[in-house]
Amino acid sequence: MKREDGGPGRSITNEYRVHKRLLECLKSLDTTQISAIFGVSGILFNIPESEAFIDENAPEWADILPRLPADYAPCKAIISEKIMPVSLPFRRMIINNFIPGVDTDKILDTQTNKHCLIRPYLGRRRFQAESERPRRLRAYSLRNFPLHIDQMESIGLTPHSYAISMADALAFLYWIAKVDANDVEFVLAQPRSNDPPDMNSLHIIDSDVLGPLAIWILDFDCCNDMTLDESGIENACRCFWRNDPFYPRPGSSNASDQKLWEDFRDRFLATSERILKDEVATIKQLPGRLIERIIQTRGTFSRG
């Protein structure tokens, strides 16, 4: 369940509307269309199911409130499919590698740390040079744990597959669902247990210890409709740069990071081309125009 927080630019009502649209668009694709757009690998990202929207007067609160902290009151909220956290071995690896000098079992036993979703930051390294690396990292919650490129490399994860998933996801959001992806979140978590491995979840067996991982998209409360014109491209470019650094970024001095951006770019353009193949020329050129503007505006937009 997600409650409305009243933050500026955020609307739980809008989130429910956008969420339902995304699911309808995703489910409207038949097997032939999925193969034609995304290739033999199928859809490489997940969107949680949307179960219900409830307002402050909904009768459901009589059952919900007793399970929440005492100071909670009825409000607008949405109920969605639970994204299952990464495995216990994965959480233990995170602590052992990035939170040294702490009581691992105590952290793992904390209830909030059991809900560990990984935020894959493919657009940033924690430390640009070895000399910048501190001897000890500060401890923080495992919930929504940010995992940067250098951290992925240090534990043997390969960012390329995640970049491909994000490229497909953005192409879907822009050109099929027609939303601007403003402030959406990508997380690594367990795949659905009942999904076939070749369709709705990206099953990446990174090691026998980590097990399968899937890319999930969530948090649509700031999303807006995407217009298929120059104004829409400018807005999508702004949203790309102002989001957290999930996406690979152009212009890196690090050769592997620049290659990751090129892989992401090429996949986005290829998937977009297949989606828009029957559109007029002015629409077909929009993906290339967006990539062009992302490169041109590097360093222009700040986060937030």
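Just so you know, all these numbers are worked out from the coordinates, no wet-lab data involved. Since we're looking at a predicted model, the values are computed, not measured. Here the Cβ positions follow ideal geometry from the backbone for every residue, glycine too, while neighbour counts run over all protein chains shown.
What does the net charge come to around residue 228 if you take all other residues with beta carbon closer than 13 Å to its beta carbon, with K and R at +1 and D and E at -1? Intermediate results must be reported in sequence, preceding the final value.
On the way: positive: 178, 284, 289; negative: 180, 225, 229, 230, 234, 279.
Summing Lys and Arg as +1 and Asp and Glu as -1 gives -3.
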* **the chain: Lys pairs at Cα distance under 16 angstrom, eight or more positions apart or on different chains** => 10
* **Segments 61-74, 94-107 sorted - mean Cβ within 10 Å per residue, highest first** => 94-107, 61-74
* Structure fact -> Between residue 298 and residue 71, the two model label points (7 Å from Cα along the beta-carbon direction) sit apart by a distance in nm of 4.6
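Could you work out the local net charge near residue 55, counting Lys and Arg as +1, Asp and Glu as -1, over the other residues with Cβ closer than 12 Å to its Cβ? Walk me through the numbers on the way to the answer.
Working: positive: 3, 76; negative: 4, 56, 60.
Once positives and negatives cancel, what remains is -1.
Could you compute the FRET efficiency for residue 36 and residue 143, with r as their C-beta to C-beta distance and R0 at 41 Å, rounded to 0.05? Walk me through the numbers before you get to the answer.
Details: r = 38 Å, r/R0 = 0.93.
The formula returns an efficiency of 0.60 here.
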* With a 10 Å radius around each residue's Cβ, average the other Cβ atoms per peptide and rank 225-231, 15-21, highest first. => 15-21, 225-231
* By its C-alpha gyration tensor, with a ≥ b ≥ c as the square roots of the eigenvalues, how is region 39-183 shaped: rounded for a/c under 1.5, else prolate for a/b larger than b/c, else oblate? -> oblate
* Asked: Shape of region 1-99 from its Cα gyration tensor (a ≥ b ≥ c, root eigenvalues): rounded if a/c is under 1.5, otherwise prolate when a/b > b/c, or oblate?
  -> oblate
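Write down the percent of antiparallel bridges among all DSSP beta bridges whose residues are both part of the chain, to the nearest 5. Spell out each step's value before the answer.
Details: 13 of 18 bridges.
About 70 percent, rounded to the nearest 5.
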* Structure fact -> Checked region 223-304 with the C-alpha gyration tensor, a ≥ b ≥ c its square-rooted eigenvalues, rounded below a/c of 1.5, otherwise prolate if a/b is larger than b/c and oblate if not; verdict oblate
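Using helices alone, I'd like the mean residue ellipticity at 222 nm for the chain: each DSSP H run of four-plus residues gives -39500 (n - 2.57), total over residue count, nearest 500.
Values: 11 runs with 113 residues, N = 304.
Value at 222 nm, helices only: -11000 deg cm²/dmol.
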* Structure fact -> In the list (i) 17.4; (ii) 16.3; (iii) 23.2, the entry giving mean projected area of the Cα convex hull in nm² computed from the coordinates is (i)
* **region 103-110 - phi-based ³J(HN,Hα) in whole Hz, Karplus 6.51/-1.76/1.60, Gly and Pro as x** => 7, 4, 5, 5, 5, 5, 7, 5
* Structure fact -> Note: residue 23 to residue 219 extended length (0.36 nm per residue) minus current alpha-carbon separation gives 69.2 nm
* Asked: What is the Cα centroid distance between region 140-199 and region 87-111, reported in whole angstrom?
  -> 22
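How high is the relative contact order of the chain? Use alpha-carbon pairs under 8 Å, at least six apart in sequence, and give a whole percent.
Details: 483 pairs, mean separation 67.2, N = 304.
Once divided by the residue count of the chain, the mean separation gives 22 percent.
Subtract the Cα-Cα distance of residue 273 and residue 1 from 0.36 nm times their separation in residues, and report this length gain in nm to one decimal.
Values: separation 272, 0.36 × 272 = 97.92 nm, distance 3.64 nm.
Residue separation times 0.36 nm, minus the Cα-Cα distance, leaves 94.3 nm.
Grab the Cα-Cα distance for residue 63 and residue 227, subtract it from 0.36 nm times how many residues apart they are, and report the gain in nm with one decimal.
Value of the extension gain: 54.9 nm.
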* Structure fact -> Under 5 Å from the placed amide H of residue 119, counting only residues 5+ away or on other chains, we find 145, 147, 188
